[in-house]
Amino acid sequence: CRMEGEVRIVTFFNGMVAREPIVAVDDKAMRVAWAARSEGLEHYNASLQVFEDGPARCRVAWIADVLPHDAAKMVGAMIEKAMPIMKKTLEAVR
């Protein structure tokens, strides 16, 4: 991905490209929220929040709202594919 101002441009494993305007960043709560613009999605907004889970662990909650409802399965699969990549990337920078 890359940033263009306050918009993240993301290319996914399946070749789909999305423009994701960053809606909010809360460093204290370790939370970021964004929307997405992509062909086939009427609406997408999401947030990702990190929660401490012990001295050297954390948990991540990624919540997404999607329209049309039929797109939820595709978006869910993309999130499932992204989570292990995110975990590997974050563990590499510890």
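The values are calculated or read from the model by the stated rules, or taken from the named source; none is laboratory data. Being a predicted model, the structure only gives us computed values, none of them experimental. Note: ideal-geometry Cβ built from the backbone for every residue, glycine included; neighbour counts use all protein chains shown. Accessible surface areas use protein heavy atoms only, side chains included; no ligands, DNA or RNA. Shrake-Rupley method; radii C 1.70, N 1.55, O 1.52, S 1.80 Å.
Out of everything in segment 68-94 that is farther than 19 Å from E39 by Cβ and β-branched (V, I, T), what residue ends up being least open to solvent (accessible area, probe 1.4 Å)?
Result: T89.
Please determine, by comparing only the residues of segment 1-23 that are within 16 Å of M86 (Cα to Cα) and surrounded by 14 or more Cβ atoms within 10 Å (Cβ to Cβ), which one is modelled with the lowest pLDDT.
V10
Please pick out the residue among D26, D65, D53 that is exposed (fewer than 12 other Cβ atoms within 10 Å of the Cβ) and more than 21 Å from K88 (Cα to Cα). Steps first, answer last, please.
On the way: D65 fails: exposed (fewer than 12 other Cβ atoms within 10 Å of the Cβ); D53 fails: more than 21 Å from K88 (Cα to Cα).
Criteria check complete, one pass: D26.
Here's a check for you: in segment 33-47, which residue that is part of a strand (DSSP E or B), farther than 14 Å from G76 by Cα and among the hydrophobic types (A, V, I, L, M, F, W, C) is most open to solvent (accessible area, probe 1.4 Å)? Spell out the reasoning first.
First, the residues of segment 33-47 that are part of a strand (DSSP E or B): 33-35, 37, 43-47.
Those left that are additionally farther than 14 Å from G76 by Cα: 33-35, 37, 43.
Restricting the remaining residues to those that are among the hydrophobic types (A, V, I, L, M, F, W, C) gives 33-35.
On the way: A33: 11, W34: 11, A35: 29 Å².
Among those residues, the one meeting the criterion is A35.
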